[in-house]
Amino acid sequence: MGAPYSRPSMSTPRLDQHQSQIDALIAAALAAAAPGPSLLAAWTSAASTIPDRGFGLVAVGKASISMARALVDQGNVRPAFGVIITPPDLDTAGLAALPNVQVLIADHPLPTERSLAAGHAALSVANRCRLDRLPLVVLLSGGTSSLMCVPQPGLELDDLRKLTNAMLRAGATIDQLNTIRALCDSTKAGNLALTASPSPVQAYILSDVIGDKLHIIGSGPTVAPVATAIDALAILKKLRLTRSCSTIAAHLRLAAANPVIHDPSLWSHTRAAVIAGNLSAIDAAATEARSLGFEIGEVKTGIDGEARDAAFAFVGAIRRARARSSGPPTAVIWGGETTVRIRTPAKGASRGKGRASKTTEVQTARGGRNQEAALAAAIAIDGDPSIIIATFATDGIDGPTTAAGATVDGRTAAEARQSGLDPEDCLLANDSNTFFAKRAGLITTGPTGTNVNDLWIGLAY
C-alpha cells in the first residue's frame, strides 16, 4: 500500500464537480461495507451446518438490523429464537418474519439500563442454545460493547458508564477501552460463547477495529481473552484514570491478585469470521476514484492517534502525492479511527473547553473526531483552493452530533474568519461542530446501518 497506481485513461476530473465525486466515493465505500451482502457471502458456506430446527441468534451493533434482515431474506433455515440489539433510530422493517426473535433498543456510547437488559437477553439466548443443543449464531458490529453489557460481580452499571465516559474524554483508543471493558463485563471476553457451550458458536463480524482484532471487536464476546488485569491496570495508569475510576481499578487489582489461566480449548466450539472492515471500504473508494479519472497517490488503513495530528499528516501525504503525480488530479484515501482528547484548560486558556452537549452525559466537546480532523485540515490547507478534503464516519455518526464528518477546501478557514469565526479558536476548544454548523461543510447522512471506522478522502486538482 502507498505506491501510486497507473494513470487511468479517461477524462480529467474537474474541481467544480468535487462534491459529486466525493459523494460517489463515499457511496462506493458504504456499498462495499454493506452488512447484508457481506454476511450472505460468508453465510452461504456455513448454512449447511445448521440443523433443520434452526439456531439461536444474537445480533448486536450498529449493523445488527441489516445483518439480521439478510438472514430473513436468504429464505433458508431461520433462527428458532434470539435477540437483535440495536441503537435507536434504525429501521426495523422486515423483521416481523422472525416472530421468536426480540428486537431490543439499547444505547451508545454510554451503556444504560437498556444495555443491561440487552446483555441479560443475549446471555439468556446463549444459555437456551446450551440447553436445547442448538448452534448459536452471533452477528457483531460497531457499538456492541456499549449496547450489550452485564457488569461482573462487584461492579455496577454506573461503574461501566463512568469508565467509558472518562476514557472517551481522555482520548483512549478503542483497543484500550475494550481491553478494560472485556475484563469487567460478563458478556465479553468470550463469556457469551462459554454460556452456550458445548453448542457450536458461529460469529460473523463487521469490523470497526483497526487490524480486525477479534478480542477487541465488541470486546470479544465469542473469543478467548488476550489481555490480563495487569494489562488493563497499566492502561488506566497511563491515562491517569486510576483515581477517577477507583471501583474499576479495585476490581482489576483483585483480578490481578487472583489470576485465572484460560485454557484456549474452552473456545474450541467457536468459529469467527470478519466479513468486512475498513480496508474493504478504502479499496472500493480507491476503485471508484480511479474510474472517475483520478491518479491514486496513496491508500492507507490503520490511521489512529489524535485527530488533529493525523489530519496534518494527511495534508502532507496529499501534497506529496500531488508532487509525484504524472499529471491528472490525485486522490489520497486513508482509513482508521482517531481520537479527540479533551483537556481541562489552564487558567486563561481555551484548549479543550468545547461546548458541552446538554443531551448527553458524555459531556464531550461539540464535535467528533472527523469534524475535528476536517477543521485541522482546513487550517493546514488554508490558501490552497485546489485541495478538497472530506472526513467521514461510516456509521453516519461522528461523536454526539447528527453529522458524519465534514468537507473542507483551501478557502474554508479564510471564509470563516471573514464571517467572524476563528478556526484556530474552535480547534483549540474542540468545538468543530459549532464551526461547521455556522457555515457549509457538514456531511449529514443519518445512521448508515454499517460501521467500518472512518474514511478520509483527499482530492488534489
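Hey, among Thr86, Thr92, which residue is surrounded by fewer than 19 Cβ atoms within 10 Å (Cβ to Cβ), among the polar types (S, T, N, Q), under 25 Å from the mean Cα position of the chain (by Cα) and closer than 24 Å to Leu30 by Cα?
Thr92
Residues checked against (1) hydrophobic (A, V, I, L, M, F, W, C); (2) open to solvent by 50 Å² or more (accessible area, probe 1.4 Å):
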{"position": "Lys237", "(1), (2)": "no, yes"}
{"position": "Leu254", "(1), (2)": "yes, yes"}
{"position": "Ala257", "(1), (2)": "yes, yes"}
{"position": "Val274", "(1), (2)": "yes, yes"}
{"position": "Ala284", "(1), (2)": "yes, no"}
{"position": "Phe294", "(1), (2)": "yes, no"}
{"position": "Ser326", "(1), (2)": "no, yes"}
{"position": "Ala331", "(1), (2)": "yes, no"}
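Sort out which residues of segment 414-442 are without any contact (Cβ under 8 Å) to a residue 60 or more places away in the chain and among the hydrophobic types (A, V, I, L, M, F, W, C), and write them in order of number.
Hits for segment 414-442 are Ala414, Ala416, Leu421, Cys426, Ala437, Ala440.
When you look at Ala41, is it among the hydrophobic types (A, V, I, L, M, F, W, C), in contact with a strand residue (DSSP E or B) (Cβ under 8 Å, 6 or more places away or on another chain) and open to solvent by 70 Å² or more (accessible area, probe 1.4 Å), yes or no?
Yes; evaluated as a whole, the condition is true for this residue.
Could you list all residues from segment 259-268 that are surrounded by 10 or more Cβ atoms within 10 Å (Cβ to Cβ) and in a loop (DSSP other than H, G, I, E, B)?
Correct list: Pro259, His262, Ser268.
Do the conditions hold for Ala250, that is, is it more than 30 Å from Ser199 (Cβ to Cβ) and either modelled with pLDDT of 95 or more or in a helix (DSSP H, G or I) (or both)?
So Ala250 fits the description; yes.
Taking segment 434-461, which residues are assigned to a helix (DSSP H, G or I) and either among the basic types (Lys, Arg) or at pLDDT 95 or above (or both)?
Phe435, Phe436
Checking the condition open to solvent by 10 Å² or more (accessible area, probe 1.4 Å) and among the polar types (S, T, N, Q), which residue from Thr144, Thr179 passes?
Testing whether each residue is open to solvent by 10 Å² or more (accessible area, probe 1.4 Å) and among the polar types (S, T, N, Q) leaves just Thr179.
Out of segment 191-205, which residues are under 18 Å from Gly142 (Cα atoms) and either modelled with pLDDT under 95 or surrounded by 24 or more Cβ atoms within 10 Å (Cβ to Cβ) (or both)?
Scanning segment 191-205 gives Leu192, Ala203, Tyr204, Ile205.
Over 20 Å from Gly190 (Cα atoms), of a type in the set (Gly, Ala, Ser) and not in a helix (DSSP H, G or I): is that true of Ser244 in this structure?
Spelling it out, Ser244 is indeed over 20 Å from Gly190 (Cα atoms), of a type in the set (Gly, Ala, Ser) and not in a helix (DSSP H, G or I).
Output the residues belonging to segment 193-233 that are under 20 Å from His251 (Cβ atoms) and not in a loop (DSSP other than H, G, I, E, B).
Those that are under 20 Å from His251 (Cβ atoms) and not in a loop (DSSP other than H, G, I, E, B): Leu194, Ser219, Ala229, Ile230, Asp231, Ala232, Leu233.
Does Leu25 count as within 29 Å of Ala117 (Cα to Cα) and in contact with a strand residue (DSSP E or B) (Cβ under 7 Å, 6 or more places away or on another chain)?
For Leu25, the condition - within 29 Å of Ala117 (Cα to Cα) and in contact with a strand residue (DSSP E or B) (Cβ under 7 Å, 6 or more places away or on another chain) - is not met.
Would you list the helices (runs of 4 or more DSSP H) that sit entirely within segment 136-184 and hold 3 or more residues that are under 23 Å from Arg366 (Cβ atoms) and either among the hydrophobic types (A, V, I, L, M, F, W, C) or at pLDDT 95 or above (or both)?
157-169
Of all residues in segment 34-87, which are in a strand (DSSP E or B) and out of contact with any Lys or Arg (no Cβ under 7 Å at 6 or more places or on another chain)?
Matches in segment 34-87: Phe55, Leu57, Val58, Ala59, Val60, Pro79, Gly82, Val83, Ile84, Ile85, Thr86.
Each row is one residue, and each column tells you yes or no for (1) at pLDDT below 95; (2) farther than 24 Å from Ser38 by Cα; (3) part of a loop (DSSP other than H, G, I, E, B).
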residue: Thr92; (1), (2), (3): yes, no, yes
residue: Ala96; (1), (2), (3): yes, no, no
residue: Leu104; (1), (2), (3): no, no, no
residue: Asp107; (1), (2), (3): no, yes, yes
residue: Arg114; (1), (2), (3): no, yes, no
residue: Gly119; (1), (2), (3): no, yes, no
residue: Ala122; (1), (2), (3): no, no, no
residue: Arg128; (1), (2), (3): no, yes, no
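Restricting segment 415-426 to residues that are outside any loop (DSSP other than H, G, I, E, B) and open to solvent by 40 Å² or more (accessible area, probe 1.4 Å), which is nearest to His18 (Cα to Cα)?
Glu415
Just for segment 96-112: of the residues that are open to solvent by 90 Å² or more (accessible area, probe 1.4 Å) and out of contact with any helix residue (DSSP H, G or I) (no Cβ under 7 Å at 6 or more places or on another chain), which one is nearest to Ala126 (Cα to Cα)?
Applying the filter and picking the extreme gives Asn100.
Where residues in segment 302-311 are surrounded by fewer than 21 Cβ atoms within 10 Å (Cβ to Cβ) and of a type outside the set (Gly, Ala, Ser), which of them is nearest to Asp175 (Cα to Cα)?
Asp304
One residue is enough: does segment 206-218 have a residue meeting the conditions modelled with pLDDT of 95 or more, more than 25 Å from the chain's Cα centre (by Cα) and open to solvent by 30 Å² or more (accessible area, probe 1.4 Å)?
No, segment 206-218 contains no residue that is modelled with pLDDT of 95 or more, more than 25 Å from the chain's Cα centre (by Cα) and open to solvent by 30 Å² or more (accessible area, probe 1.4 Å).
The values are calculated or read from the model by the stated rules, or taken from the named source; none is laboratory data. Predicted model, so just to flag it, every value in this text is computed and none were measured. A quick note on method: Cβ atoms are made from the backbone with ideal geometry, for glycine too, and the neighbour counts reach across all protein chains shown. Heavy atoms of the whole protein, side chains included, go into the accessibility calculation; ligands, DNA and RNA do not. Shrake-Rupley method; radii C 1.70, N 1.55, O 1.52, S 1.80 Å.
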